[in-house]
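Asks: Quick one: this structure, given as structure tokens, is what I'll be asking you about.
Nothing in this text is a laboratory measurement; each read-out follows from the coordinates by a stated rule. Here the structure is a predicted model, which is why all the values come from computation and not from measurement. Note that each Cβ is placed from the backbone with ideal geometry, even for glycine, and that neighbours are counted across all protein chains shown.
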Amino acid sequence: MSTPRRFPIRTSLHYLLLTVVSLIIAFPLLFAISTSFMTPSESLSSPPNLFPSHFNLNSYHDALAVAPLGKFLLNSLIVSLAIVAGQLFTSALSAYAFAFLRFPGRNLLFYLFLTTMMIPWEVTLIPNYFTIKELGWLSTYQGLAAPFLATAFGTFLLRQFYMQIPRDLYEAAMLDGCGHWRFFLTVVVPLSRPALGTLSVYAFIQAWNMYLWPLLITNKTSMRTVQVGISMLQNEEQLAWNLVMAGVVLVLLPTVIMLIVGQKQLVKGLLSGAVKG
Amino acid sequence: MKAVVQPTETVTRMRPKARWRKRIQELLTATPFLVPSLFLFVLFFFYPLGKTIYLSFYLTNAKGVAKHYVGGSQYGELFTSADFLNSLWTTVVFVFLTVVPGILLALLLALLVEKPLRGMAFFRTLIVSPVTVSVATASTIGLLLFNPSISILTHGLSFFGVQDIAWLTDPFWAMIAVSLVTIWLGVGFHTILLLGGLQAIPTELLESATIDGAGYGKRLRHVVLPLLSPTLFFVLVVSVIGAFQSFGQINILTQGGPSRSTHVLVYSIYRDAFFNFQFGSASAQAIVLFVILLLLTILQFTVVERKVHYQ
Amino acid sequence: MKKVLLSGLLALTLGATTVLAGCSNSEEATTNENGVIEITLWHAMGGGPGKGLDAIVQAFNDSHDKIKVNSVYQGSYDDEFNKYKTAEGSDTAPAIMQVYDIGTRFMIDSEATVPVQKFVDADKYDMSDFEPNILNYYKMDGQLYSLPFNSSNPILYFNKTAFQEAGLDPNKPPKTWAEVEEYAQKLTKKGADGKPERYGMSMAIYGWFFEQYMANQGGLYANNGNGRKERATEAVFNKTEGTKFLDWWKKGVDAGYMGNFGRKTADTQAAFSAGKTAMFIDSTAVLRGLVDGAKDKFEVGTAELPKTEGAAGGVIIGGGSMWIMKDQPDAKQKAAWEFIKFVAEPKTQATWHTATGYFPIRTKAYEVQELKDFDAKYPQFQTAVSQLHNTKLTEATSGAVIGVFPEARATVETAIEDVLLGKKTTQQSLDDASKKVTDAIGKYNQLYKK
């Protein structure tokens, strides 16, 4: 233990505070888990129960029978990964142009990119809906992902990072006759891995949590994402809270496991670049 | 290829014609790097922005086809409509209620879990656990926690002498409930960011402050917070934008009610567009939202960022 | 061409995702290789009714080897209806839509549907035993536009055990507003701290109840005979019928014997199941769920909607009907009609009634043994049926047809909240609401009136 135990009282108070605070913050999740093991009438009684009378897995069985949660998870995963891949691709490229190339109208274009950050998604929502509909992409993966494949945030984040790459490196590469693409692929991309990691995590969380867009453009049960699926489940089973919470727990499982397994990487990823932006 | 890669000083010394050719060449090099983003931006941001401005001058049918030109009357109607003004006010209240307490809470939590105590990883995981939760799941859990007849929260609070709180049926409490869900949703992510900011503060600085006799409070005010300000600023910008765009929790928990008490601007846009099918009026509101966010962003970057202490 | 270019470019940017898109499209195949016609049905039936409908679809698919119906739950009636408006004309649109009663005007105006009258005539389909009160709702200018499927009306639910506890006769439920008031006061139970542990009566803030009580008192919701003689141009629900009803409601809430559990009807149902309200008003459609849910806790009683002194009484037939979509090829439309006929069969209607509480749309269903046995066991299920038969058909009880009904309903709900929360007087609140609805009707008519 590296911390000196100079104030054992202070330390135990710290632990007490930590315990209370973590319980409060995690309470909604813990209560969701507890409710998922209740019987329907236990979950719907007044005064409410904090714990199930016994361990009961029926809700999970029923939730899976009502909604294809596995398919919802898969859909969310595919869409989120596609968005992450798209953003990495488009942002890494455009950031390179802004960081290393001196072309006419560069500043103007950069500001133009930045304005997209200020256009709230709702402003573009209605026309985008009709664009996707025109393309016949309602209820498809490409329709779910397409509007999110490029972000100014990503471009901005990566540009900031690229600018920290020593200028000498760039000039040396150019003098060596190494073209832009080779420099980009062999030097810039490998060097900016932490920033790319940050962007991936950020983009993934954003994509995974999308609600309004998938709600609007999915018409088929089989194409719903987790977020839409879970609110549909709640809509459908308004009086079966045990079942709805079982659905919630199942849907949370992948991200919770990700957090537990990858907490260090996640934290590191989020920290390496985002803050400097 | 060689011509492109000459050191920059040569560029300035070149004759105008050669310089022009050189710049064109740079542009050609830059084009493939920029086209993917640019194409998507034009298609999904600039074209829709133009279209939205256009639609805001028309009455549209349910298919979104502009039918009747009505000039600026939809903007006029907005600013005389009590409902719209209420939405604006509600949005301001909501942003304030979520951003300020949200950041303070995250800061406290980050300070709390920053100490390298034994078992801290466990507490950290619990405290940042809301990062795994999405709007839809959080709001679904919220529906149970704030349920009018079987709420465990209300029941629990009654032990502390707090009277029956009508979480979702009273205008005041509905706003609190929606804000609580929003703060909870953001707290994990914000704590992670602030924790990172804290860990990036060089320990020598803190140690020398301690040697100079500064207590915890003093260190916090004079060393930690100034050095943390870039991160705090980032969190501020992110959560203001997030608050303005909150939709899912409102759609699931209150649907803007009761009595329009949680009818924020974004919800109002959604409602007018995809429930009342008044795309024209919804577009006008969207443009107002755009202008507000634009002004706010400029404000944040010109006024607030000046107070930020960059290393 | 532009479209092709656009999608081509996008597809390039999408890279890998397009491959996945390929597989997602395969399930859209319209007719599969065995010559089976696949049609999609959109509906808004969750919970028990949802399972009931799925069973009907299953039974249909099992007995028809050339047609396959895929049912898709699209959320609440509002959600489903709004989703349809936006998806209209796309290849993911359905062949059959179950639409709520108040969507009727819009469905007709959208010109996206084929009136079922066309199939009725072509088939010489015998409808002599269909309930005239139900058919009437979906008939305009002598044409039947859609076939009713799930019909319901609101009834009073009460907790018989709580009645006994309060010294009330569980076989004599309240018949008038005054009696409800009296009963509710007796049924309200306060805890040691003075806050109610159980309310006597509750109503969800649901615009449908307001519409019902307008009709129950013979009041109109919109002008031009509720929009049935001619297209409505004005909302007229801010008359005495409306204010009287809201005044009665507010009085109860203020005095503390009526509970307010918000807009969601499910929340008021939950309150009833959890014993937090002894009486409440809701659609007959939730009867089965409530009876099952209360099985080991208390006995559920039902009664006709209590009315005010001097009111004519009667209810509007609520619920949903099945619409056939015009953009579908003939073969699919015919398949859709086959399904709709199956749904209307006496036997299907009998099963549907017992599974949910929706009442049969035709009298022949009452001859089905399954239904006879069931209603003998659960007499509560007859309340709605007798209420239906007791309703005299007038302009008021036929129900309003306006194109912006969903918006109007939501506006009224906000108006009710304003009243119950004491923000506005009943008159003021209803005046504001009806003005807003009139404006919306005006805009709508500008777009759709020919």
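Asks: Return B:222, B:190 ranked ascending by Cβ neighbour count within 10 Å, so the fewest neighbours appear first. The partial results should precede the final answer.
Replies: Details: B:222 12, B:190 29.
Lowest count first: B:222, B:190.
Asks: Okay, next question. Longer than 27 Å from Cα to Cα, which of C:85/C:423; C:392/C:443; B:63/C:435 are they? Say none if no pair is.
Replies: Over 27 Å Cα-Cα: C:85/C:423; C:392/C:443.
Asks: With springs connecting C-alpha atoms under 10 Å apart, model chain B as a Gaussian network and identify which of B:296, B:28, B:205 has the largest mean-square fluctuation.
Replies: B:28
Asks: Is it possible to state the helix-based mean residue ellipticity at 222 nm for chain A, with each DSSP H run of 4+ residues giving -39500 (n - 2.57), the sum divided by total residues, to the nearest 500 deg cm²/dmol? What is it? Working shown, then result.
Replies: Working: 14 runs with 195 residues, N = 277.
Calculated from helices alone, the mean residue ellipticity at 222 nm is -22500 deg cm²/dmol.
Asks: If you average the alpha carbon positions of region A:54-100 and of region B:262-311, how far apart do those two centres end up, in angstrom?
Replies: 27 Å
Asks: Any chance you could run the full-extension gain for residue C:190 through residue C:143? It's 0.36 nm times the residue separation minus the Cα-Cα distance, nm to one decimal.
Replies: Values: separation 47, 0.36 × 47 = 16.92 nm, distance 5.42 nm.
Computed gain between residue C:190 and residue C:143 is 11.5 nm.
Asks: Where does the charge balance sit around residue C:211 when Lys and Arg score +1, Asp and Glu -1, over other residues with C-beta under 12 Å from its C-beta?
Replies: Surrounding charge for residue C:211 is -2.
Asks: Shape of chain B from its Cα gyration tensor (a ≥ b ≥ c, root eigenvalues): rounded if a/c is under 1.5, otherwise prolate when a/b > b/c, or oblate?
Replies: It is oblate, given that a/c is not under 1.5 and a/b is not larger than b/c.
Asks: Using only Cα atoms, tell me the angle between helix C:207-216 and the longest principal axis of chain C; keep it within 0 to 90° and round to the nearest 10.
Replies: 60 degrees
Asks: Then there's this: Points 7 angstrom from Cα along the Cβ direction at residue B:207 and residue A:222: gap in nanometres?
Replies: Label at residue B:207, label at residue A:222, 6.4 nm between them.
Asks: Let me ask you something else. Return the calculated 222 nm mean residue ellipticity for chain C, to the nearest 500 deg cm²/dmol, obtained by summing -39500 (n - 2.57) across DSSP H runs with n ≥ 4 and dividing by the residue count.
Replies: On the way: 21 runs with 222 residues, N = 450.
After summing the helix terms and dividing by the residues of chain C, the value is -14500 deg cm²/dmol.
Asks: Which peptide among A:65-75, C:406-416 comes first, and what is the full order, when sorted by highest mean count of other Cβ atoms within 10 Å?
Replies: Going from most to least packed, we get C:406-416, A:65-75.
Asks: Remind me, relative contact order of chain B in percent, using alpha carbon pairs under 8 angstrom and six or more residues apart? Mind dumping the intermediate values first?
Replies: Working: 324 pairs, mean separation 81.9, N = 311.
Answer for chain B is 26 percent.
Asks: Would you mind telling me which residue in B:135, B:224, B:181 has the biggest mean-square fluctuation in a Gaussian network model of chain B, where springs connect alpha carbons within a distance under 10 angstrom?
Replies: B:224
Asks: Counting pairs of alpha carbon atoms under 8 Å apart in space and at least six apart in sequence, what relative contact order in percent does region B:89-193 give? If you can, show how the numbers build up before the last one.
Replies: Working: 84 pairs, mean separation 44.9, N = 105.
Here the relative contact order equals 43 percent.
Asks: Any idea how far apart residue A:110 and residue B:303 come out in nm if each label point goes 7 Å out from Cα toward Cβ?
Replies: 2.7 nm
Asks: Let me ask another. In the neighborhood of residue C:59, defined by Cβ-to-Cβ distances under 11 Å, what is the net charge if each Lys or Arg adds +1 and each Asp or Glu adds -1? Can you show the working numbers first?
Replies: Working: positive: C:347; negative: C:54, C:62, C:345.
That works out to -2.
Asks: Using Cβ counts within 10 Å as a stand-in for footprinting exposure, how do C:370, C:131, C:241, B:204 rank, fewest first?
Replies: Result, fewest neighbours first: B:204, C:370, C:131, C:241.
Asks: Between C:257, C:213, C:125, find the one with the highest GNM mean-square fluctuation for chain C; connect C-alpha pairs within less than 10 Å.
Replies: Comparing C:257, C:213, C:125 in the GNM, the peak value goes to C:125.
Asks: From the square roots a ≥ b ≥ c of the eigenvalues of the alpha-carbon gyration tensor of the protein assembly as shown, which class results: rounded (a/c under 1.5), prolate (a/b over b/c), or oblate?
Replies: Numbers: a/c = 2.00, a/b = 1.47, b/c = 1.37.
Prolate shape, in that a/c is at least 1.5 and a/b is the bigger ratio.
Asks: Arranged by the count of other C-beta atoms within 10 angstrom, fewest first, what order do A:185, B:236, A:233 take?
Replies: On the way: A:185 12, B:236 20, A:233 27.
Fewest to most other Cβ atoms nearby, the residues stand as A:185, B:236, A:233.
Asks: Relative to the longest principal axis of the C-alpha atoms of chain C, give the angle of the C-alpha long axis of helix C:240-255, reported between 0 and 90° and rounded to the nearest 10°.
Replies: Result, in degrees: 60.
Asks: Could I ask something else about it? Under 1.5 on a/c is rounded, so check that first for region C:301-412, then, if it is not, pick prolate when a/b is larger than b/c and oblate when it is not; a ≥ b ≥ c are the square roots of the alpha carbon gyration tensor eigenvalues.
Replies: On the way: a/c = 2.48, a/b = 1.13, b/c = 2.20.
It comes out oblate by the Cα gyration axes.
Asks: While we're looking at this one, here's another question. May I ask you to derive the FRET efficiency for residue A:58 and residue A:102 from their Cβ-Cβ distance with R0 = 51 Å, giving the value to the nearest 0.05?
Replies: Numbers: r = 66 Å, r/R0 = 1.30.
Approximately 0.15, to the nearest 0.05.
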